[in-house]
1. Can you give the net charge of the other residues whose Cβ lies under 11 Å from the Cβ of residue 151, counting K and R as +1 and D and E as -1?
2. If we count every other residue with Cβ under 12 angstrom of residue 141's Cβ, Lys/Arg +1 and Asp/Glu -1, where does the sum land?
3. Would you mind counting up the charge near residue 34? Only other residues with Cβ under 13 Å from its Cβ, with Lys and Arg at +1 and Asp and Glu at -1.
4. For 131, 46, write out the residues from largest to smallest accessible area, computed with a 1.4 angstrom probe and no ligands counted.
Amino acid sequence: MKYIWLIIVLLSFITMSSAEKFPVGFGVAGGYSVGDPTNFFFVEGTGLINIYKELYARFGLFNIQFQSTGTHTSFGTGVFCPGIDLMLFFRQQSLAPYALTGFMYSTGGGANNLLLRLGGGVEFIPSVLPTYPYAEFDLDINAATGGTNTIAIFKLGIRAK
């Protein structure tokens with residue numbers, strides 16, 4: 001098993017060193033979630049992988065929610081909280097609107113949740129730094145064991161890629 005991981009790591013380094021630019025990026029955002037049963041502020045960290053030209057995969061690294069019942073923290077593995085998304089950018093000179101779709105699966109506490117995400121945003125392209133401020137709106141449809149609810153999320157953040 002350790003040889004498989006060694007081969008994967010070596011292939012990753014070879015792929016990254018042959019790319020024109022580093023195909024991985026990171027982001028951090030703060031936002032507000034409006035949904036059932038609670039509304040809350042949150043901070044999240046994400047990773048980005050450039051798949052092809054303007055198509056990216058975004059995966060969750062961490063999510064800290066400041067709910068009325070207390071602070072909830074999750075460290076994601078990508079698919080499990082806060083989820084994985086596909087993002088398609090439409091680059092222009094000073095900004096890049098984008099569309100996204102994704103999902104998240106979680107289980108625990110006697111419930112299974114499958115969250116489907118649709119959304120979009122705009123990324124601002126600065127002329128100097130390789131960081132990109134952005135604003136995003138997501139609509140999450142949560143097909144939970146006990147029923148279905150919809151959550152609207154607005155976030156502001158910054159990405160480095």
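The values are calculated or read from the model by the stated rules, or taken from the named source; none is laboratory data. These figures come from a predicted structure and were not determined experimentally. Here the Cβ is made from the backbone with ideal geometry for all residues, glycine too, and neighbour counts use every protein chain on show. Only protein heavy atoms, including side chains, enter the accessible area calculation; ligands, DNA and RNA are left aside. Shrake-Rupley method; radii C 1.70, N 1.55, O 1.52, S 1.80 Å.
1. -2
2. -2
3. Net charge around residue 34: -2.
4. Largest accessible area first, the list is 131, 46.
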